[in-house]
Every structure is written in C-alpha cells, then in structure tokens.
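See below for the structure under consideration.
Where a number appears in this text, it was derived from the coordinates with a stated rule and is not lab data. Note that the structure is predicted; figures quoted are calculated from it, not measured. Note that each Cβ is placed from the backbone with ideal geometry, even for glycine, and that neighbours are counted across all protein chains shown.
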Amino acid sequence: MRMSRYFIPTLKEIPSDAQIASHQLMLRAGMIKQAASGIYSWMPLGLRVLQKIERIVHEEQIRAGHLPLLMPTLQPAGLWRESGRYDDYGEEMLRITDRHNRDLVYGPTNEELITDIFRGHVHSYRDLPLTLYHIQWKFRDEIRPRYGVMRGREFLMKDGYNFDVDKPSAIHSYNRHMVSYLRTYQRMGLQAIPMRADTGPIGGSYSHEFLVLADTGESEVYFDSAILDLSFEGRGVDYDSREECARHVDEWTSHYARTDETHDPETFEHEVPASQRRHSRGIEVGQIFYFATKYSAPMGAAVANAKGERVDVHMGSHGIGVSRLVGAIIEASHDDRGIVWPPSVAPFQAGIVNTASGNPMTEAACDRLYRELATSGVEVLYDDRSERAGAKFATMELIGLPWRITVGPRGLKSGQIELVDRKSGLTESFAPDRIAGELRDRLSASGLANAS
Ligand code: ATP
Ligand code: MG
C-alpha cells in the first residue's frame, strides 16, 4: 500500500477523554473514530488489525473442531422471555420495537438464539458433540463506556456454544476451549492467565476468565508467578483426546490465579510461597462457562441418548473480546513513541520510508523494493508522501509496524539500505538487492504462520 493512496487520519493532539495508552494511541494512529459514546468506526488501519485477530481466532477454533456460523445482531425478544433472561438482563440490553410492534433485542450474547437453532434440528446423541461459534457485533448499554474499544457499547465478540450429551463430554468441550483460547492469545503475542471466575448473568457451574496483565486493567488479580512460565510454544494438541486436553488444563489451573471476585487470601497464602505471590491488575480478554442444562431445560433442547431416553443437553458458552483485544495488545506492547505490534497482528509487516522524496534515485529504489516485497506477499506500507524524513519516521513509530526500511541518498550511494527493528530499535544495513530476502527471513523467523 502506498501511503499517498491510503487513509490514516492521524491526530496530533491527544483527546482529553482518552485516559489510557491504547485509547490514545488508537486515536492518534487513526485506527478508530468515535461515532457515539462507546461506539466506534474502524478506520482502514484499525480494521486490518481487527481482521488479523479475527483470523487467528477462526484458525484456532476450527483447529479445535468448532464450526463457524453467523447469527444476526437482532434477536426476537420471545426467546429471551423463554429463558427468563428478558427481565433478568437489565438495562444493559438494548430493546427495540419494530414497525409491527414486535419486540427485538440487539444481542448482548447468543445463548437463546443458538439453543433455538439447536432444538429445531438436533434430536439424537449421534449428532453430538457439537460446538458452533460466530464472530459478531454485540451491544451492551454499558453504564460507563470508557477506555476506547476496551469497554465499548458496541463491540466485536467471538462467542461459541457447545452441546454435549452428558457432563463428561461437556467438560471435554470446556477443556478444549481453554486450550484453544490459550493458544489463540499466545499467537497474538499475549500471555493470558486463566483465572477462576464467578459465572455472573450467564450462570453455571464452572467458569474461567482469561486475563492479560496490565496496570490499566479493570480487574484486580492475584496469582502464583509460576504460571508465567507456562507456554504452548512447540506443543501440538490432540483435541480429540480427553486425557490430553484435561492434562493441559490441569497444568494451567493447578497454580493459584483468581480475580478479586473469587480471591481467598487464606488459600493464597497457604498455597503459594511468598516469593511467588503476585497482586496486580489485568484486562479480561475472554471467559468460558459450563452451565449444564440452564438453557436447554427451560427451552426444551433435548436429545435421545444411547438408551433411547430424552435428556436435556449439557451446554457451555465461551467468549473472546475480539475488539477489546486490539486495545489489550497495545496496552501490553507500546513505548513512548507509539505502538509496537507483535508481527502476527501488525496491520502491515513493514514500512518503507524514502527520506528524500523527489530524489529520482531514492524513489526508483523504493519503487523497486515496494514491488518486490508486495509481489512476494509481504504486507508493506510505502510512505511515498512528500513529507520530511522526521515526520515519516514519527508516523512509522506511531503506527508500530515491526520493520522499517529506510532508503536515503547517502546510503544508496554507498550501496546501503537500512532495516530497523521497531521493538529493539536495532538498525542493520544491507545491499539493496539483499534487503527483501533479509526481511523475509526475519518474518518467517517470527513464527507468523504458527501452523503447528
Ligand atoms: P466485563 O466483565 O469486562 O464487563 P463480561 O464478563 O461481561 O465483561 P463476557 O460476557 O464474559 O463479558 O464476554 C466475553 C468477552 O467479551 C469478555 O471477556 C470481554 O473480553 C469482551 N467484552 C465484554 N464486554 C465488553 C465491552 N463492553 N467492550 C468490549 N469488550 C467486551
Ligand atoms: Mg466475562
């Protein structure tokens, strides 16, 4: 992409209502624009990141055997009356009446709608287990929308729902979700800690929230630092194996990790050696639930089991805050000059800066490099504007692309182009015909594909 043809409406002034780094940086980098309180338009650069995150979420869900579908944002209120949540959900739910006087809700979540889909079509244990999910906009009329996309009113969520014939099978679904979520966050360069949670308005028996540590997080967290050493790097997962999934989950949940809602100081002190006790803040980036027959029983979602008896299906639901993750990743990865994107979610992998616009030699070199990189599949943003070099560097640092290629007249004369690592600041020089290859080597070393 050539910057002269792109649309990055950067801001010079930090808006006063933007209190945390991610909100400020997203506005300054022209990633989002507020439309109304807690409601945002996603500008081209922001959308690229959002879509990268979505793609990783899809890949890991599909890998775990879960099936994507797409449910609407508007739902008939009748389903919510059946489950009893129409009144329970309170003022966060946006209720709408259409021209025929029919009640609708803008979905804050989808347990009712998915249960309705299920009960209309699935009647036998032979069709189970089944996990369906979608990535769709939600609306919750939050009393205090704040921190930009972190706590919006309209926000993008991946929500999934499992249907199983009995509890052991549903627990396996729960474990599969925990493993697939941990892998998902890790691929985005985040360390998310599963913490035992209350079940809230979703209800149910088991729940874990996934928290990313950040000073600006809204949750207070207590955990054993040993959990920070765990990783899925280099581990394959057999999602069909109940034993294996349970082993991974045991490993991740054996260490104390709770939010203030479930924290128990006595257990914390008893279980965790003093040197490993941590108390900090975190951002909730996902939550999983097992709630047995809470929705299937009142809504009549039952199947025939192997003995021919009709049994209510066991369900769970699972959510990832897709749009919140954009903010969470920035909170976890930025410096005083701007965003530092992990390569897997960066809007472009590299930027090219021509330090002497108008100079035929540097322009020709940039054009050649830009074409070479673009045709070999590298996502590259070429700053071809007639701005001063300093302004171009500042924009590149702000938008945080992992690599910057700097082409200047002096360097070119001595046969050198610079490659700068945004994260470390390390600068290396290469001959013009080697630079594309060097960049591609570094991109593949950063484990972008992470297909294992
Ligand atoms: P919170 O406690 O932060 O209000 P929640 O527990 O009500 O969130 P869930 O129902 O668990 O939210 O939704 C799944 C995920 O969706 C959350 O883990 C979070 O990452 C994201 N999410 C929830 N509410 C919002 C919001 N208002 N804006 C952006 N993301 C949100
Ligand atoms: Mg939650």
Handout entry: For the chain, calculated [θ]222 nm from helices alone, where every DSSP H run of n ≥ 4 adds -39500 (n - 2.57)
Key = -10000 deg cm²/dmol
Exercise for the section: Over all directions, average the projected area of the Cα convex hull of the range 79-131 and note it in nm². Expected result: 4.7
Handout entry: Dipole magnitude (debye, nearest 20) for the chain, charges at Cβ of Lys, Arg, Asp, Glu
Key = 1600
Fill in the blank from the handout: In whole percents, the bins of 10 Å from zero upward hold the Cα-Cα pairs of the chain as 4, 19, 26, 24, 16, 8, 3, 0, 0
Problem - Whole-angstrom gap from the range 332-379 to the range 41-118, using each part's C-alpha centre - result: 37
Problem - Computed label-point distance, nm, for sites Glu218 and Glu271 using a 7 Å Cα→Cβ extension - result: 2.6
Practice task
Give the calculated FRET efficiency between Ser124 and Arg242 to the nearest 0.05, with a Förster radius of 25 Å applied to their Cβ-Cβ distance.
Solution key: 0.70
Problem - Those trypsin sites (Lys or Arg not before Pro) in the range 271-351 that DSSP places in a loop and that have at most 11 other beta carbons within 10 Å - result: Lys307
Problem - Mean separation of Cα contacts under 8 Å, 6 or more apart, over the residue count of the range 1-114: relative contact order % - result: 16
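How would Glu251, Glu59 line up from fewest to most surrounding beta-carbon atoms within 10 angstrom?
So the residues, fewest neighbours to most, are Glu251, Glu59.
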Exercise for the section: Measure nothing fancy, just the Cα-based angle from helix 435-445's long axis to the longest principal axis of the chain, in degrees from 0 to 90, nearest 10. Expected result: 20
Exercise for the section: Provide the gained length on full extension for the span Arg440 to Ala226, in nm with one decimal, where the gain is 0.36 nm per separating residue minus the Cα-Cα distance. Expected result: 73.5 nm
Practice task
Please determine, in degrees from 0 to 90 and to the nearest 10, the orientation of helix 322-332 with respect to the longest principal axis defined by the Cα atoms of the chain, where the helix direction is its Cα long axis.
Solution key: 50
Fill in the blank from the handout: Once Ala306 and Glu428 are pulled to full extension, the length gained, defined as 0.36 nm per residue separation minus their Cα-Cα distance, is 37.4 nm
Handout entry: the range 348-451, dipole about Cα centre (Lys/Arg Cβ +1, Asp/Glu Cβ -1), debye to the nearest 20
Key = 140
Handout entry: the range 109-239: relative contact order in percent, alpha carbon pairs under 8 Å with at least 6 residues between
Key = 17
Practice task
Report, in degrees rounded to the nearest 10, the 0 to 90 angle that the Cα long axis of helix 44-63 makes with the longest principal axis of the chain.
Solution key: 50
Exercise for the section: Could you please rank Thr109, Thr73, placing first whichever residue has the fewest other Cβ atoms within 10 Å of its Cβ? Expected result: Thr73, Thr109
Exercise for the section: Of the listed pairs Lys392/Lys423; Lys167/Lys307; Lys52/Lys167, which have alpha-carbon separations greater than 24 Å here? Expected result: Lys52/Lys167
Practice task
Pick out, from Thr184, Ala226, His263, the residue whose Cα sits farthest towards the positive end of the charge dipole of the chain, with +1 on the Cβ of Lys and Arg and -1 on the Cβ of Asp and Glu.
Solution key: Thr184
Practice task
Sort Trp42, Trp341, Trp137 so that the residue with the fewest other Cβ atoms within 10 Å of its own Cβ comes first and the one with the most comes last.
Solution key: Trp137, Trp42, Trp341
